Amino acid sequence: MTRFTLPRRALGAAALATLARPGFAQPAPIRIGELNSYARMAAFAGPYRSGMQLAQDTVNAAGGVMGGRPIELVFRDDGSTPGDAVRVAEELLTRENVAFLAGTFLSNVGLAVADFANQRKRLFLATEPLTDAITMAQGNRYTFRVRPGTFMQTKMLIEAIRGKTAKRWAIVAPNYEYGQSAAANFKRMLPEAIPGAEIVAEQFPALGRVDAGATVGALAQSRPDGIFNVLFGPDLTAFVREGNTRGLFERRTVVSLLTGEPEYMIPLGDETPEGWIVTGYAPEQIDAPPAHKAFIEAYRARFNDTPRLGSLLGYVTVQMIANLLNKANTIETEALIDALADLRTDTVVGPVTMRGLDHQSTLGAWVGETTLRGRQGTMKNIRFADGANYMFPEAEVRAARRSA
């Protein structure tokens with residue numbers, strides 16, 4: 001557990017004199033329980049935690065929240081399974097006495113914690129799980145999501161291939177909630193973007209256990225014009241290596257969720273394929289506004305490393321949390337939920353609003369193409385897609401959440 005207090009250099013002379021008085025007590029911190037797949041998904045969760053810690057220190061150095069109370073993040077590993085995550089969430093609430101919960105990575109884990117939060121009637125700010133179910137069919141009053149979900153990110157990619165001539169498409173995705181959700185969205189949107197397009201093959205390997213040879217062989221046998229890839233992490237690395245060896249990606253359009261994120265691009269190294277259309281993050285390539293540049297510089301100075309997408313998400317999440325606490329001016333759950341609905345936060349990537357209708361934030365994503373720069377993969381032709389333009393239609397949200 002990491003504890004932070006207001007640094008003395010951030011206080012004026014009068015405040016320092018007050019601290020020196022006998023019996024003076026600093027304001028109690030507001031504790032927030034953050035559970036995530038820190039062990040299993042360390043490539044993303046490690047930088048994410050660093051981004052949160054940087055934002056926490058920044059908020060506390062500026063005077064904290066709610067009139068001077070510091071934020072204290074309590075980090076726990078969620079075990080990467082629904083059962084373990086629910087147990088950890090319970091411990092955070094009962095033993096650590098946190099005000100509310102945040103985090104999770106895997107979609108099935110996020111859904112389990114969302115259901116737990118609904119049962120316990122406690123706020124859960126789901127930061128990373130991408131399944132649409134968490135804000136749609138299984139959405140509830142107590143769960144809000146920060147990152148753009150699979151519908152939003154798939155729609156961004158579909159927009160990038162609109163009008164292309166590829167008619168025969170294959171899908172490869174991990175066989176759990178996130179992969180299934182992304183595949184369903186792609187099949188739903190493809191015909192409108194490319195009239196006459198069809199799905200000719202689907203491969204759903206188990207998460208973390210892809211048989212790259214068999215998967216690539218099955219896709220090649222279907223002779224697709226395009227491939228929609230949802231694999232990430234070590235599965236992605238194995239798939240790319242085998243696909244490069246067999247020439248699977250040559251003269252084919254490849255659309256790939258998350259592949260442009262440094263967490264997954266760095267392990268590819270000089271095996272990074274050219275020209276995949278991806279969502280991702282390339283700090284050195286984007287035209288960042290001043291606040292975003294300041295974040296990048298502060299992160300590099302603190303951690304001697306370039307921020308990843310997880311780093312940015314962690315930082316933005318704490319900005320939203322601080323704004324929420326200041327608006328609500330209480331840690332009472334119902335007041336927090338009322339304050340969070342339609343709350344606008346000025347973040348380092350611009351304004352982000354938590355839409356009250358479905359509890360989905362308007363945080364966007366970068367879309368571009370993979371390319372090699374030296375021996376390392378990065379993105380080119382990058383544009384920022386504002387999440388507000390890619391959300392579920394309001395009528396569809398009302399229908400889905402009414403039946404939840």
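Here the extension length gained between Arg120 and Ala220 equals 31.2 nm, from 0.36 nm per residue of separation less the Cα-Cα distance. For the stretch 44-170, the share of alpha carbon pairs falling in successive 5 Å distance bins from zero is 2, 10, 17, 18, 17, 13, 10, 6, 4, 2, 1, 0 percent. Modelled spin labels at Ala61 and Asp270, positioned 7 Å past Cα toward Cβ, are 4.0 nm from each other.
Listed by chain and number, the lysines whose C-alpha is less than 22 Å from the C-alpha of Lys121, apart from same-chain residues fewer than 8 away, are Lys327. Bridging of Lys155 to lysines at a Cα separation below 26 Å is possible for Lys164, Lys167, Lys187, Lys380, once same-chain residues fewer than 8 apart are set aside. Highest GNM mean-square fluctuation among Asp338, Asp235, Asp77, for the chain modelled with Cα contacts below 10 Å: Asp338. Mean separation of Cα pairs under 8 Å and 6 or more residues apart, divided by the residue count, gives the stretch 168-276 a relative contact order of 29 percent. Full extension of the chain between Glu396 and Glu284 gives 36.5 nm of extra length, using 0.36 nm per residue less the Cα-Cα distance.
Residues in the stretch 296-307 carry Karplus couplings, in order, of 4, 5, 5, 5, 4, 5, 6, 10, 6, 7, 7, x Hz; the curve used is 6.51 cos²θ - 1.76 cosθ + 1.60 with θ = phi - 60°, and Gly or Pro positions show x. Extending 7 Å from the Cα toward the beta-carbon at both Thr330 and Asp77 defines two label points whose distance is 3.9 nm.
When the Cα atoms of the chain are aligned to their principal axes, the ranges along those axes come out at 77, 50, 34 Å in descending order. What angle, in degrees between 0 and 90 and rounded to the nearest 10, separates the Cα long axis of helix 212-221 from the longest principal axis of the Cα atoms of the chain? Result, in degrees: 50.
Given contacts defined as C-alpha pairs under 8 Å and at least six residues apart, what's the relative contact order of the stretch 318-404, whole-number percent?
Values: 97 pairs, mean separation 15.5, N = 87.
Relative contact order comes out at 18 percent.
Converting phi to 3J(HN,Hα) with the Karplus coefficients 6.51, -1.76 and 1.60 and the offset θ = phi - 60°, the stretch 385-391 yields 9, 5, x, 4, 8, 10, 7 Hz in sequence order, with x at every glycine or proline. Beta bridges assigned by DSSP with both partners in the chain are antiparallel in approximately 35 percent of cases. Annotation: extensible slack from Arg302 through Arg168 equals 43.5 nm (criterion: 0.36 nm per residue apart, minus Cα-Cα distance).
Rounded to the nearest 20 debye, what is the charge dipole size of the stretch 236-306 about its Cα centre when +1 sits on each Lys and Arg Cβ and -1 on each Asp and Glu Cβ?
On the way: 7 positive and 11 negative charges, 24 e Å.
With Lys and Arg at +1 and Asp and Glu at -1, about 120 debye.
The calculated FRET efficiency for Arg241 paired with Asp84, based on their beta-carbon distance and R0 = 30 Å, is about 0.45. Here the peptides 125-133, 282-290 are ranked by packing, the mean other Cβ count within 10 Å, and the order with the highest first is 125-133, 282-290.
Below 15 angstrom from the Cβ of Met66, what's the summed charge of the other residues (Lys, Arg +1; Asp, Glu -1)? Mind dumping the intermediate values first?
Values: positive: Arg31, Arg69, Lys327; negative: Glu72, Glu332.
Counting the neighbours of Met66, the net charge comes to +1.
Run the numbers on the chain and let me know its relative contact order in percent, using alpha-carbon pairs under 8 Å that are six or more apart.
Details: 839 pairs, mean separation 70.5, N = 404.
Over the chain, the number comes to 17 percent.
Put simply, the amide H of Tyr38, placed in the peptide plane, has neighbours under 5 Å in Asp78, Gly79, leaving out anything fewer than 5 places away on its chain.
Each reported figure results from applying straightforward, stated rules to the coordinates on display, with no laboratory input. Being a predicted model, the structure only gives us computed values, none of them experimental. Virtual Cβ from ideal backbone geometry, glycine too; neighbours counted across all protein chains shown.
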